[in-house]
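Presented below is the structure to which this report refers.
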Amino acid sequence: MDVSHTIAHHILDHDFGVMLGGFHLPVTAHTLTMLGISIVLLAVAMLLSMKGKSLFARLMNTIGEEYVSFMRDGIVIPGIGKEGVAFLPYFCTLFLFILFSNLAGLIPQMKTITSNISVTGGLALCSGGLIVYAGIQAHGFWGFIKSFVPGGTPWWLIPLMFPLEVISLLIRVCVLAIRLFANMLSGHMVLLSLLLIIFIIGQMSKIAGVGAAFPAMGLEIFMTFLELLVAFLQAYVFTLLTSIYVGLVVHSH
């Protein structure tokens, strides 16, 4: 059994080769998964904003209100301050999109799009754009540029401090992408590797393969529950760090 090929088949993206008028359309397994997740999120948003006096409508409204309150009081305001309430819709959407993307990979025949660095890089660029926008909105363009140099810095250190602070901001954005990508990719590689152990040992001896199935499946179940925890944790960490980074530029002091 080619272990590396099997793992790559389940983790890497697959292009379906769709052509339209001689142009290649980027229709891949990951883009279709993103489209599906977006449709599900739209349906969830419609459910949470239902109007009516039925028990189900009131339950959905309560869940939606509790979620928004948690994002506002647990992530946005502590990280940014009251100025961050204007960005609350972004943070609510960001958390749910990452969470659903992480959980999608645990569904058979679905892909974990957050194990693709292009997807996590796109999410990080969106957060990076929000960081820059929030800084300019709070201080103006030149005020935002000046905030890269701490007050009281000697003039001769400015040529050194300014590029270092700019690089620091870029590193924060890159870390957002890499952390999410690495955690989700490694988690699914571990899950696949545990399953493949059974077949690899089974090729050498059927009896040994059956014997290896019990501890391997036990570890598989344990890692699946751990992956569920990681899916929620990584969505929370990505959203929380974005809030903190926005707060750093809004309150540059």
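When all protein chains stay in place and ligands, DNA and RNA are ignored, the 1.4 Å accessible-area order of I178, I197, largest first, is I178, I197. Calculate the spin-label point distance for L42 paired with L55, positioning each point 7 Å from the Cα along the beta-carbon direction, and give it in nanometres. Reported label-point gap for L55 and L42 is 3.1 nm. Percent of Cα pairs in the chain per distance bin of 5 Å, from zero to the largest separation: 1, 6, 10, 12, 14, 13, 12, 10, 8, 6, 4, 2, 1, 0, 0.
Summarise the long-distance tail of P(r) for the range 16-151 by giving the % of C-alpha pairs beyond 22 Å. Cα-Cα pairs in the range 16-151 separated by more than 22 Å: 56 percent. Taking trypsin sites (Lys or Arg not before Pro) as exposed when their DSSP state is a loop state and no more than 11 other Cβ atoms lie within 10 Å, the longest site-free interval of the chain runs over 54-253. When every Cα-Cα distance of the range 25-97 is counted in 5 angstrom steps from zero, the calculated P(r) takes the values 3, 15, 19, 18, 16, 14, 9, 5, 1, 0 percent. Each other residue within a Cβ distance under 13 Å of F238 adds +1 if Lys or Arg and -1 if Asp or Glu, for a net charge of +2.
When E227, E83 are compared by accessible area at a 1.4 angstrom probe, the order from most to least is E83, E227. Just checking the listed ones, F141, F238, F100: in the Gaussian network model of the chain with Cα springs under 10 Å, the one fluctuating most is F141.
Applied to the range 79-87, the Karplus parametrisation 6.51 cos²θ - 1.76 cosθ + 1.60 on θ = phi - 60° returns per-residue 3J(HN,Hα) values of x, 10, x, 4, 5, x, 4, 5, 9 Hz, with x for Gly and Pro. Relative to the longest principal axis of the Cα atoms of the chain, helix 88-104 runs at roughly 10 degrees. Both radii are taken from the alpha-carbon atoms of the range 114-253; with Rh as the Kirkwood radius, Rg/Rh is 1.25.
Each Cα pair under 8 Å and six or more residues apart adds its sequence gap; the mean of these over the residue count of the range 3-250 is a relative contact order of 25 percent. Applied to the range 17-26, the Karplus parametrisation 6.51 cos²θ - 1.76 cosθ + 1.60 on θ = phi - 60° returns per-residue 3J(HN,Hα) values of x, 7, 10, 9, x, x, 9, 7, 9, x Hz, with x for Gly and Pro. For the range 105-154, the convex hull drawn through the C-alpha positions has a volume of 114 cubic angstrom per residue. Taking the centroid of alpha carbons for each part, the range 203-229 and the range 24-83 are 35 Å apart.
Compared with the dominant Cα axis of the chain, that is its longest principal axis, helix 117-139 is turned about 10°. Take the Cα radius of gyration of the range 179-227 and divide it by 2.2 N^0.38 Å, N being the number of residues; the result is 1.28. Between the C-alpha center of the range 130-164 and that of the range 86-105 there is a gap of 30 Å.
Pick out which of S205, S147, S115 has the largest mean-square fluctuation in a Gaussian network model of the chain, springs linking Cα atoms closer than 10 Å. Residue with maximal mean-square fluctuation among S205, S147, S115: S205. Summing charges over all other residues whose Cβ lies under 14 Å from the Cβ of P26, with Lys and Arg as +1 and Asp and Glu as -1, gives -2.
GNM, the chain, Cα, under 10 Å: largest mean-square fluctuation among T33, T62, T224? The residue that fluctuates most here is T62.
The values are calculated or read from the model by the stated rules, or taken from the named source; none is laboratory data. It should be emphasised that the depicted structure is a prediction, and the values quoted were computed from it without experimental measurement. So basically every Cβ, Gly included, is an ideal-geometry build from the backbone, and we count neighbours across all protein chains shown. Just the protein is used for accessible areas: all its heavy atoms, side chains included, with ligands, DNA and RNA removed. Shrake-Rupley method; radii C 1.70, N 1.55, O 1.52, S 1.80 Å.
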